[in-house]
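Here's the structure we're looking at; comments come further down.
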Amino acid sequence: MRTATEGNRIKSASDRRKRRKRRVDPGPPEMLELELTGIAAGGKAIGRAPDGRMVFVSYAIPGEQVIAEVTETCSQYLEARTIRVLKPSLFRIEPRCQYFGQCGGCQLQHVEYAEQLRMKTQIVQEQLIRIGRFHNEENGVLRAAIGMENPWNYRNHMRFTVWRDGQVGLMRQGTRRLLRIDKCEIACEQVNQALDNVQEATTGTQQLSVRIGQNTGEFLIQPQLTWRDTSKKPPVESGQKTLTEMLLGRRYQISAAAFFQVNTIQAERLVEHVIQKVKEVNACIVVDAYAGVGVFASHLAAHVDRVLAIEESSSAATDAVVNLAGLSNVEWVTARVEDVLPGRDPLPDVVIIDPPRRGLQPEVIEALVASLARRVIYVSCDPATLARDLRRLVDGGFELVEVQPIDMFPHTQHIECVATLDRVPVI
């Protein structure tokens, strides 16, 4: 005899089946002919639907006229995808990658690289105005994005999905289906070589991480792989716990779980820019907040009297012990920045902050405002949270001196910036 609960469960399942049967065919997707007038965060072009709603269109360029398929409908805006280009931009080019538009890793391969840099600079400017409430006249602080001489084969770290039959690739955009990848055009050649070695050769894992030291030749493949053909020698070693990379002549240990920039060439430019901004104010004491494996701290040790490095990641802290060995003027603290920075004595001259994408916690903003630091250098991978936090810091007594985009991720929507703020003197 069924219980009431069981009866309700069966009735509920039956009702769901009936609803599925009664579901009305939504019909063909809505198509819009659009004139595209701007660029938005995420690298999408902007147009207007006939009803006035804003439309964000992927794989398009401002100035183009396109036919776009609506992929998502919201009350205030629409998301769409370019189906046909009626009037192409002068900056439109043929994408280099055969998977472009399918894997979703790159959003801008259809745009000339110089124009990508201009578009990314414009996106930062619009975020500063819209979210940061900085006026047009204040945007003289924004510099043009620093690009790469060769914006291909730069990525030293890739994460792949492994299918049951051993095929390796990425998830097809907007689905849970695998897209087999035999070569990634933005991955460095060593990553592609490792990908070729493991394609259809491994079993027993669903995820695969490949990391390369571009300046050392070392590699790290996780997890420890099991091979389908055990009669042959493994095509590549795997299961390494760490690798070593060099930046600007210094050697760094990087654990599998630790954060490290995926673009080695641009990471060196980023470090050089931060060092320059510290040296400009003749700093004696510097705080390196969200210090990672100690890259900024180790390079700054030769230029200042003392560095305090703060990082909560235990894996990064393990690497930092190795990376900062012999630097007697660097103090390392494994803790949350918001727990250490407030009330820190002695007071720093400069604070470098390189937080996660979500930006700064309110406690960190408050600590920076109260610290009396003469300069704050903010490294950000998200222009929106950067603009939000810059407004809070300026309202707290800082002046925005410069925002320098550095293109760490060519052909993608992602934008890295280094913002410099100085304390407004009290008269």
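Observations
- Complete set of residues in the range 273-291 that are out of contact with any helix residue (DSSP H, G or I) (no Cβ under 7 Å at 6 or more places or on another chain), part of a loop (DSSP other than H, G, I, E, B) and of a type outside the set (D, E, K, R): V281, N282, A283, C284
- Close pairs from the range 109-123: first without any contact (Cβ under 8 Å) to a residue 24 or more places away in the chain, partner crowded, with 17+ Cβ neighbours inside 10 Å, Cβ under 6 Å, at least 6 apart: E112/F91
- Residue check, A60 of a type in the set (G, A, S) and in a strand (DSSP E or B): no
- Hey, L270 at pLDDT 95 or above, in a strand (DSSP E or B) and over 26 Å from P346 (Cβ atoms) or not: no
- Annotation: of all residues in the range 187-217 being of a type in the set (A, V, I, L, M) and out of contact with any Gly (no Cβ under 7 Å at 6 or more places or on another chain), the one that is farthest from A258 (Cα to Cα) is V198.
- Candidates V168, V141, V191, filtered to the one that is touching a strand residue (DSSP E or B) at 6+ places or on another chain (Cβ under 9 Å), surrounded by 15 or more Cβ atoms within 10 Å (Cβ to Cβ) and at pLDDT below 95: V141
- Subset of the range 279-317 that is at pLDDT 95 or above and of a type in the set (S, T, Y) - its residue that is farthest from R250 (Cα to Cα): Y290
- The range 319-345, residues that are assigned to a loop (DSSP other than H, G, I, E, B) and in contact with a strand residue (DSSP E or B) (Cβ under 6 Å, 6 or more places away or on another chain): L324, N329
- In this entry, R375 is excluded by the filter for residues that are without any contact (Cβ under 8 Å) to a residue 40 or more places away in the chain and either crowded, with 16+ Cβ neighbours inside 10 Å or assigned by TED's automatic domain parsing to the domain that holds G294 (or both).
- Test set (1) buried (at least 21 other Cβ atoms within 10 Å of the Cβ); (2) free of Cβ contacts under 8 Å to residues at least 24 places away in the same chain; (3) among the charged types (D, E, K, R) - R211 fails condition number: (2)
The values are calculated or read from the model by the stated rules, or taken from the named source; none is laboratory data. Because the structure is predicted, anything quoted here is derived from the model rather than measured. Every residue, glycine as well, gets a Cβ built from its backbone with ideal geometry; the counts of neighbours run over all protein chains shown.
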